[in-house]
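Engineer: This is the structure, below, for whatever I ask next.
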Amino acid sequence: MKRCATLIVSLAAAAGVATSALSEGDAVADAPQGAPILIAYDIVDGQSIPTPLSDLPGDPMRGASIVAAPEKGGCLACHRVAALIDQQPDQGVSGPALDGIASRISEGSLRLQIVNIGIVTPGSAMPAYYTIAGVEPLTPGGAPEPLLSAQEIEDVIAYLMTLDDG
Ligand code: HEC
């Protein structure tokens with residue numbers, strides 16, 4: 001009995017964290033298959049999402065492809081990454097170069113800026129990659145989807161964490 005009560009309390013606590021951290025407009029909605037559209041995350045001090053969004057660790061190789069592919073992250077439309085010059089020679093300069101980024105900011109801060117940079121830099125030209133607020137469903141009546149999945153966000157972070165100055 002006691003164990004049961006503890007379980008209920010911890011579930012309630014987890015649910016509290018879950019809903020409070022999503023951005024406004026990111027209502028807790030389920031995709032038609034019943035899976036949640038967004039994994040809930042917890043923002044610490046308005047600066048950082050320290051906990052990964054996916055159970056599987058990010059894959060830096062996949063992350064590099066997502067960063068470089070215009071139809072995926074499309075990050076190089078605005079950012080420069082010298083290590084990806086062969087994969088994507090056409091790189092933009094409207095955002096800061098991401099070379100050495102892992103030496104400048106923490107993994108948690110990186111995660112928050114990719115999830116929703118508007119929380120840190122309101123009005124940023126950079127898209128929020130993990131929100132459904134204001135996103136139209138691809139098919140009428142379908143569920144809206146974030147630009148990148150939780151696993152893709154972790155793959156991108158795993159790649160960016162390899163870009164240090166050392
Ligand atoms: C449309 C342009 C654009 C795209 C696309 C874009 N960004 Fe950005 N990004 C910016 C700008 C501009 C900033 C600087 C903050 C600001 O002024 O808005 C920024 C800031 C950042 C920062 C913080 C850099 C620092 O030095 O603190 C990171 C990390 C970042 N972007 C990663 C990414 C990743 C990863 C992608 C792709 C998944 C991406 N960006 C796509 C424009 C863009």
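Engineer: Among the residues of segment 47-67, are any within 14 Å of the ligand (Cβ to nearest atom) and surrounded by fewer than 16 Cβ atoms within 10 Å (Cβ to Cβ)?
Structural biologist: yes
Engineer: Also: Out of (1) within 16 Å of the chain's Cα centre (by Cα); (2) under 17 Å from Pro146 (Cα atoms), the odd one out for Ser106 is which?
Structural biologist: (2)
Engineer: Just to be sure I understand, how many residues within segment 37-73 are touching a helix residue (DSSP H, G or I) at 6+ places or on another chain (Cβ under 7 Å) and in a helix (DSSP H, G or I)?
Structural biologist: Residues meeting the conditions: 7.
Engineer: I'd like to check something: does segment 87-107 contain any residue that is among the hydroxyl-bearing types (Ser, Thr, Tyr), within 11 Å of the ligand (Cβ to nearest atom) and in a helix (DSSP H, G or I)?
Structural biologist: Among the residues of segment 87-107, at least one is among the hydroxyl-bearing types (Ser, Thr, Tyr), within 11 Å of the ligand (Cβ to nearest atom) and in a helix (DSSP H, G or I), which makes the answer yes.
Engineer: What residue, among those in segment 117-152 that are assigned to a helix (DSSP H, G or I) and modelled with pLDDT of 95 or more, is nearest to the ligand (Cβ to nearest atom)?
Structural biologist: To start, the set of residues in segment 117-152 that are assigned to a helix (DSSP H, G or I) comprises 117-119, 150-152.
With the extra rule that they be modelled with pLDDT of 95 or more, the set shrinks to 117, 150-152.
Working: Ile117: 6, Ala150: 13, Gln151: 13, Glu152: 9 Å.
The residue in question is Ile117.
Engineer: Another one. Considering only segment 91-147, state which residues are over 19 Å from Pro70 (Cβ atoms) and charged (D, E, K, R).
Structural biologist: Within segment 91-147, Asp99, Arg104, Glu107, Arg111, Glu136 meet the criteria.
Engineer: Can you confirm whether Leu110 is under 21 Å from Glu152 (Cβ atoms) and near the ligand (Cβ under 6 Å from one of its atoms)?
Structural biologist: yes
Engineer: Return the pair list, or none, for Cβ contacts closer than 9 Å from residues in segment 78-99 that are at positive phi to residues that are of a type outside the set (S, T, N, Q) and within 8 Å of the ligand (Cβ to nearest atom), at least 6 apart or on different chains.
Structural biologist: If the second residue must be of a type outside the set (S, T, N, Q) and within 8 Å of the ligand (Cβ to nearest atom), no pairs are left.
Engineer: Something else: Keeping to segment 74-86, report how many residues are surrounded by 13 or more Cβ atoms within 10 Å (Cβ to Cβ) and not in a helix (DSSP H, G or I).
Structural biologist: 6
The values are calculated or read from the model by the stated rules, or taken from the named source; none is laboratory data. Note that the coordinates shown come from a computational prediction; the quantities given were computed from them, not determined experimentally. Neighbour counts run over all protein chains shown; Cβ positions are idealised from the backbone, glycine included.
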